[in-house]
Amino acid sequence: MANLTFFAEMALDLHDEPTAERTIERIAEYAKLATSCDDAGIMLVHARSQIETAAATAQRVGESHNLQIVHDEGPCLDAIDGERHYMSPDIRVDQRWPKWGPAVADLGLRSVLSLRLETKSRQYGSLNLYAGRVNAFDDDDLAVASIFVRHAAVALANAHNEEGLQVAIDARKLIGQAQGVLMERFDIDADRAFEFLRRQSQTHNVKLRFVAEWVVEHRGSPDAIFSAPPARPVA
């Protein structure tokens with residue numbers, strides 16, 4: 001059973017992960033250590049109609065998640081939209097998911113505990129714990145998992161915030177470099193250089209970062225003419 005030292009070490013470890021993707025993978029790995037589960041997985045919601053398996057400690061976890069999407073039922077989906085957690089002692093006979101349960105039992109999974117992965121400001125998806133035996137989870141596991149999922153959500157939120165902050169910092173640096181190129185080439189000040197970048201962004205309907213990146217990449221080709229990226233084909 002996980003203790004305070006475990007959660008403290010986990011928090012530090014997750015904080016040191018370089019990307020949100022790696023943080024998610026480590027959350028799934030830590031979930032196996034914190035609870036009585038055999039495997040764990042994380043479902044993330046990107047939009048109302050876009051749900052993906054972001055991490056899975058075994059192939060059958062990903063298959064279990066896919067079966068929920070196919071049958072449009074299951075505890076991982078319910079934990080996203082319904083109650084904050086769902087626990088089943090025997091998936092095969094659980095009448096809440098009559099199609100998904102037997103199909104997943106055939107994969108060798110018999111017990112499940114799914115919990116919503118969220119912070120106060122954002123909902124990410126669900127953390128899902130599986131075991132190959134019936135009656136694998138009890139109230140103690142639920143209590144530990146409930147604490148664990150809160151720590152995991154905070155770690156994931158921090159990872160997303162740090163990635164977003166780094167992207168913003170990189171964009172500002174790139175724009176500053178582009179301004180420097182324009183100031184030197186056309187003998188203009190920083191405000192006029194930025195206005196040029198902004199005007200190109202609006203005219204071609206592209207992000208300011210893209211315009212700045214183009215200017216920096218073509219700084220050795222003064223005769224190059226800016227062009228917007230080709231539009232993506234409509235699916």
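The values are calculated or read from the model by the stated rules, or taken from the named source; none is laboratory data. From a predicted model like this one, the values you see are computed outputs, not experimental measurements. Quick reminder, even Gly has a Cβ in these numbers, built from the backbone with ideal geometry, and neighbours come from all protein chains shown. All accessible areas refer to the heavy atoms of the entire protein, side chains included, with ligands and DNA or RNA removed. Shrake-Rupley method; radii C 1.70, N 1.55, O 1.52, S 1.80 Å.
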- prompt: Considering only residues of region 68-92 that are part of a helix (DSSP H, G or I) and touching a residue at least 40 places away in the same chain (Cβ under 8 Å), which is surrounded by the most Cβ atoms within 10 Å (Cβ to Cβ)?
  reply: PRO75
- prompt: Looking at ASP16, is it more than 13 Å from TYR124 (Cα to Cα), out of contact with any Asp or Glu (no Cβ under 7 Å at 6 or more places or on another chain) and modelled with pLDDT of 90 or more?
  reply: no
message: Among the residues of region 119-137, what is the count of those that are at pLDDT 95 or above and assigned to a loop (DSSP other than H, G, I, E, B)?
response: 6
- request: Please find, within region 112-141, the residue that is farthest from the chain's Cα centre (by Cα) out of those that are buried (at least 16 other Cβ atoms within 10 Å of the Cβ) and free of Cβ contacts under 8 Å to residues at least 60 places away in the same chain.
  value: VAL112
- prompt: Which one of these does SER201 not meet: (1) touching a Phe, Trp or Tyr at 6+ places or on another chain (Cβ under 9 Å); (2) modelled with pLDDT of 85 or more; (3) more than 30 Å from SER64 (Cα to Cα); (4) assigned to a helix (DSSP H, G or I)?
  reply: (2)
field: Residue in region 33-47 that is farthest from ARG22 (Cα to Cα), counting only those that are open to solvent by 40 Å² or more (accessible area, probe 1.4 Å) and over 19 Å from the mean Cα position of the chain (by Cα)
entry: SER36
Residues within region 1-22 that are hydrophobic (A, V, I, L, M, F, W, C) and open to solvent by 80 Å² or more (accessible area, probe 1.4 Å), tallied: 3
- prompt: Got at least one residue in region 23-30 being modelled with pLDDT of 85 or more, open to solvent by less than 20 Å² (accessible area, probe 1.4 Å) and of a type in the set (S, T, N, Q)?
  reply: yes
- prompt: surrounded by 14 or more Cβ atoms within 10 Å (Cβ to Cβ), of a type in the set (D, E, K, R) and in contact with a Phe, Trp or Tyr (Cβ under 6 Å, 6 or more places away or on another chain) - does that describe any residue in region 48-66?
  reply: no
